[in-house]
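The values are calculated or read from the model by the stated rules, or taken from the named source; none is laboratory data. On a predicted model such as this, the values are computed, not experimentally measured, just so you know. A quick note on method: Cβ atoms are made from the backbone with ideal geometry, for glycine too, and the neighbour counts reach across all protein chains shown.
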Number of protein chains: 2
Amino acid sequence: MNQKDRVEIDRLAEALTAAWNAADGVAFAKMFTEDADFVNIRGDHFVGRDTIAEGHQRIFDSIYRDSRNVFAISKIREATGEVVVALMEAHLHCPQGPMAGDNDAIATAVLWREPSGWRIASFHNTLKQGPPGARPTR
Amino acid sequence: MNQKDRVEIDRLAEALTAAWNAADGVAFAKMFTEDADFVNIRGDHFVGRDTIAEGHQRIFDSIYRDSRNVFAISKIREATGEVVVALMEAHLHCPQGPMAGDNDAIATAVLWREPSGWRIASFHNTLKQGPPGARPTR
């Protein structure tokens with residue numbers, strides 16, 4: 001992967017951050033392909049940019065209202081020159097509600113290049129549960 | 001994707017099933033690339049086939065002892081002819097311990113073809129939490 005691609009992929013994470021913090025579901029979903037798969041922390045599976053926009057707008061306006069999130073790429077592997085598997089970490093601060101406090105998440109994202117730039121074709125997100133004990137591992 | 005690839009990818013899921021039910025960590029990890037990324041249901045990130053083998057052997061011998069699991073591909077998208085993004089569902093029955101009962105999981109797996117066949121380069125697993133309410137969505 002050349003430096004330009006790497007910069008663009010970091011910018012994609014920055015765009016997710018900016019969209020989240022602006023509570024803008026459409027801007028958030030713009031970073032996904034039209035037919036993207038999205039699996040959230042509950043194991044619910046959503047398909048498509050419009051669904052991702054609506055779902056995020058709903059949570060931005062409710063449980064994640066006034067929250068702040070930072071997305072960053074933590075690992076990149078090239079599958080081919082045009083397809084990348086990225087691990088993305090997110091640190092969320094939520095001021096109120098059932099997620100009040102600080103939450104760390106890790107996502108696996110499959111990215112590929114569309115005419116408009118690198119986009120997320122698949123995103124699978126998990127809330128980090130901290131030190132073992134509470135729940136088993138697999 | 002041709003029929004042969006699809007059959008081979010279904011067989012990969014069957015091999016995971018067989019390895020899990022034989023409590024064989026090495027056989028389970030054999031379906032992964034040597035440098036595979038694995039994110040478990042707790043958001044822990046493991047790297048490499050050997051680590052995946054050891055980690056699974058440990059849970060096969062403890063919290064998942066005598067459990068039965070069935071993996072099946074629920075969706076396939078081709079990124080390129082050589083790289084596939086698959087959604088994989090797993091239905092686990094665990095006879096005892098903290099996970100006693102039936103548990104459904106959904107994983108996003110990135111597969112690519114190695115000389116020995118299709119292998120999992122990235123696996124990200126989430127326990128399905130059922131109907132909304134208990135925990136928020138994102």
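Quick look at the values:
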| read-out | value |
| --- | --- |
| Segments classed as helices (runs of 4 or more DSSP H), wholly inside region A:1-96, with at least 2 members that are closer than 13 Å to A:ARG119 by Cα | A:3-21, A:25-29 |
| Hits in region A:109-126 (condition: over 12 Å from B:HIS124 (Cα atoms) and either under 11 Å from the mean Cα position of the chain (by Cα) or among the aliphatic types (A, V, I, L, M) (or both)) | A:LEU111, A:ILE120, A:ALA121 |
| Criterion violated by B:LYS128 - all others in (1) at the interface with chain A (Cβ under 9 Å from one of its Cβ atoms); (2) basic (Lys, Arg); (3) closer than 21 Å to A:TRP112 by Cα satisfied | (3) |
| Matching entry among B:GLN96, B:GLN129 (being modelled with pLDDT under 95 and either closer than 20 Å to B:VAL47 by Cβ or surrounded by 14 or more Cβ atoms within 10 Å (Cβ to Cβ) (or both)) | B:GLN129 |
| When residues of region A:64-82 are limited to those that are modelled with pLDDT under 95 and facing chain B (nearest Cβ under 8 Å), the one nearest to B:ALA90 (Cα to Cα) | A:ALA79 |
| Residue match in region B:50-63 (condition: farther than 19 Å from B:ALA36 by Cβ and within 12 Å of chain A (Cβ to nearest Cβ)) | yes |
| Criterion: within 23 Å of B:ASP37 (Cα to Cα) and out of contact with any Lys or Arg (no Cβ under 9 Å at 6 or more places or on another chain) - qualifying residue of A:ALA79, A:ALA100, A:ALA22 | A:ALA79 |
